[in-house]
Amino acid sequence: NAGVMQNPRHLVRRRGQEARLRCSPMKGHSHVYWYRQLPEEGLKFMVYLQKENIIDESGMPKERFSAEFPKEGPSILRIQQVVRGDSAAYFCASSTGKGTEAFFGQGTRLTVV
Amino acid sequence: SQQGEEDPQALSIQEGENATMNCSYKTSINNLQWYRQNSGRGLVHLILIRSNEREKHSGRLRVTLDTSKKSSSLLITASRAADTASYFCATEGGGSQGNLIFGKGTKLSVKP
């Protein structure tokens, strides 16, 4: 049973480009969460999705950021027109639902140059 | 908003000693989870303790939860150099949809 898979592990984008981060949850998990981590900081919740539904996006910036979890395929976190401040590690976690362990991927480290 | 706050921010001990990290939170919770993160890596799930539990063990790890004080502690016994990492507590709030709120972590250094 493979763990949570994120790709790419490292992503470099120029200012103004788009960044697409992918997350495949663990087998049997239908709940996906995205978090952002700045250096020397804890993780900040961004968005919680189930298949084809956004359940809670209270941590998502209102502009340029979007997330989806289609019926088929991985969850995608998309950042349009990236700026230097978007540079961070983005982690995806999956679980079987509320009250259960959440397992994390290895993260995507986004660098905006 | 930050829910869990770990204490201390950094801890340095010798191999073989015990390490205790504390976490305080502000609102009611369904459960509290502890994670380990090695530098530049993802998070590894250590233990989940539910709001109706007071203590849980896993190998050399012991977690306690005091809901009246809104605090939890993680004890690592007989520490090893390989335990060097950052440790985070994360709370699932009583009214949440299942997302976790993380503290800033305790950076543990175990010297051989």
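Among the residues of the stretch B:75-84, is there at least one that is part of a strand (DSSP E or B), modelled with pLDDT of 95 or more and either in contact with a Cys (Cβ under 7 Å, 6 or more places away or on another chain) or surrounded by fewer than 18 Cβ atoms within 10 Å (Cβ to Cβ) (or both)?
Filtering the stretch B:75-84 for residues part of a strand (DSSP E or B) gives B:75-76.
Keeping just the survivors that are modelled with pLDDT of 95 or more gives B:75-76.
Still in the running and either in contact with a Cys (Cβ under 7 Å, 6 or more places away or on another chain) or surrounded by fewer than 18 Cβ atoms within 10 Å (Cβ to Cβ) (or both): B:75.
Within the stretch B:75-84, one or more residues are part of a strand (DSSP E or B), modelled with pLDDT of 95 or more and either in contact with a Cys (Cβ under 7 Å, 6 or more places away or on another chain) or surrounded by fewer than 18 Cβ atoms within 10 Å (Cβ to Cβ) (or both).
Which members of the stretch A:42-63 meet the condition of being closer than 16 Å to A:T108 by Cα and more than 13 Å from the chain's Cα centre (by Cα)?
A:G42
How many residues does the stretch A:67-98 hold that are assigned to a strand (DSSP E or B) and either farther than 19 Å from A:A19 by Cα or of a type in the set (G, A, S) (or both)?
7
Go through the stretch B:54-74 residue by residue and tally those that are under 17 Å from B:I29 (Cα atoms) and surrounded by fewer than 14 Cβ atoms within 10 Å (Cβ to Cβ).
So the answer is 5.
When you go through (1) part of a strand (DSSP E or B); (2) touching a residue at least 60 places away in the same chain (Cβ under 8 Å); (3) touching a Lys or Arg at 6+ places or on another chain (Cβ under 8 Å) one by one for B:M21, which number turns out not to apply?
(3)
Select from the stretch A:44-64 the residues that are assigned to a strand (DSSP E or B) and touching a Lys or Arg at 6+ places or on another chain (Cβ under 7 Å) and write down the one among them that is nearest to A:A19 (Cα to Cα). Give the derivation first.
Filtering the stretch A:44-64 for residues assigned to a strand (DSSP E or B) gives A:44-50, A:53-56.
Subset that is touching a Lys or Arg at 6+ places or on another chain (Cβ under 7 Å): A:44, A:46.
Details: A:K44: 19, A:M46: 16 Å.
It comes out as A:M46.
For A:K51, which of the numbered conditions (1) charged (D, E, K, R); (2) touching a strand residue (DSSP E or B) at 6+ places or on another chain (Cβ under 7 Å); (3) at pLDDT below 90 fails to hold?
The failed condition is (2).
Using the structure shown, decide if B:R36 is surrounded by 19 or more Cβ atoms within 10 Å (Cβ to Cβ), under 13 Å from the mean Cα position of the chain (by Cα), at negative phi and not aromatic (F, W, Y). Break it down into steps so the answer makes sense when it comes.
Values: surrounded by 19 or more Cβ atoms within 10 Å (Cβ to Cβ): yes; under 13 Å from the mean Cα position of the chain (by Cα): yes; at negative phi: yes; not aromatic (F, W, Y): yes.
So B:R36 fits the description; yes.
In the stretch A:99-113, what count of residues is obtained for those that are in a loop (DSSP other than H, G, I, E, B) and in contact (Cβ under 8 Å) with a residue 24 or more places away in the chain?
First pass over the stretch A:99-113, keeping only residues in a loop (DSSP other than H, G, I, E, B): A:99-102, A:105-107, A:113.
Narrowing the set further to residues that are in contact (Cβ under 8 Å) with a residue 24 or more places away in the chain leaves A:102, A:105-107, A:113.
Selection size over the stretch A:99-113: 5.
Name every residue in the stretch A:77-95 that is in contact with a strand residue (DSSP E or B) (Cβ under 7 Å, 6 or more places away or on another chain), surrounded by fewer than 19 Cβ atoms within 10 Å (Cβ to Cβ) and either in contact (Cβ under 8 Å) with a residue 60 or more places away in the chain or facing another protein chain (nearest Cβ under 10 Å) (or both), in order of residue number. Write out each step before concluding.
Going through the stretch A:77-95, the residues in contact with a strand residue (DSSP E or B) (Cβ under 7 Å, 6 or more places away or on another chain) turn out to be A:77-79, A:82-84, A:86-95.
When the remaining residues are screened for being surrounded by fewer than 19 Cβ atoms within 10 Å (Cβ to Cβ), the result is A:78, A:83-84, A:87.
Residues satisfying the conditions are A:R78, A:V83, A:R84.
Kindly list the number of the only condition in (1) within 11 Å of chain B (Cβ to nearest Cβ); (2) under 27 Å from B:G105 (Cα atoms); (3) loosely packed, with under 15 Cβ neighbours inside 10 Å that fails for A:L49.
Among (1) within 11 Å of chain B (Cβ to nearest Cβ); (2) under 27 Å from B:G105 (Cα atoms); (3) loosely packed, with under 15 Cβ neighbours inside 10 Å, the lone unmet condition for A:L49 is (3).
The values are calculated or read from the model by the stated rules, or taken from the named source; none is laboratory data. In this text the structure is predicted, and so the values were computed from the model without any measurement. Methodologically, a virtual Cβ is constructed for each residue, glycine included, from the backbone with ideal geometry; neighbour enumeration extends over all protein chains shown.
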